[in-house]
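Chemist: Let me give you the structure first, and then I'll get to my questions.
Please treat every number below as a calculation from the coordinates, not as lab data. The structure presented is a predicted model; accordingly, all values stated were derived computationally and were not measured. Here the Cβ is made from the backbone with ideal geometry for all residues, glycine too, and neighbour counts use every protein chain on show.
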Amino acid sequence: MASGILGQAAPSATTNTVIYTVPASTLAVVNINVVNRGGSAATVRVALAAASSPNSDEYIEYNTSVGASSVLERTGVVLEAGKKVVVHASSGDTSVSVYGLESAA
């Protein structure tokens, strides 16, 4: 099973981007890190979703402000097989990393 960096992206502005999908028959424990590389605040959404377009009840962060040169981090997030980490940001100046451990379910 994988460990370390499980997914990374620099999402386009105002676009839902799947950063990581838990493989079939796998359990994952992940940390989600969103870095704002820009000079002004960015608004960020993070969802743990069944599809690439999250439902309202799947968000763990919604329109959260991440200041210039700042970080939003969620740790110890447990995900079952098939779940996706989906990020949406108001700016193209964000970088997202999902890192952690995968284990057979």
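Chemist: Can you order the peptides 26-33, 5-12, 61-68 by their average number of other Cβ atoms within 10 Å per residue, highest first?
Modeler: Per-residue mean Cβ counts within 10 Å order the peptides as 26-33, 5-12, 61-68.
Chemist: Also, I was wondering about something else. Would you tally the net charge around L48, using a Cβ to Cβ cut-off of less than 11 Å, leaving L48 out, and scoring K and R as +1, D and E as -1? Walk me through the numbers before you get to the answer.
Modeler: Details: positive: R74, K83, K84; negative: D57, E58, E61, E80.
Result for the local shell: -1.
Chemist: State the percent of C-alpha pairs, over all pairs in region 23-62, separated by a distance greater than 17 angstrom.
Modeler: 48 percent
Chemist: Please report the net charge: other residues with Cβ closer than 13 Å to the Cβ of G67, K and R +1, D and E -1.
Modeler: Within the 13 Å Cβ shell, the charges total 0.
Chemist: Let me know the Rg and Dmax you get for region 1-53 when you use only its Cα atoms, in Å.
Modeler: 12.8, 41
Chemist: Translational D (Stokes-Einstein, µm²/s) of the chain at 4 °C and 1.567 mPa s when Rh comes from the Kirkwood sum over C-alpha pairs? Display every interim value, and only then the final one.
Modeler: Working: Rh = 13.5 Å.
Translational D for this selection: 96 µm²/s.
Chemist: Quick one: what are the phi-derived ³J(HN,Hα) couplings along region 17-26, Karplus 6.51/-1.76/1.60 with θ = phi - 60°, whole Hz, x for glycine and proline?
Modeler: Each residue's phi maps through the Karplus curve to give 10, 7, 8, 7, 10, 5, x, 4, 6, 9 Hz.
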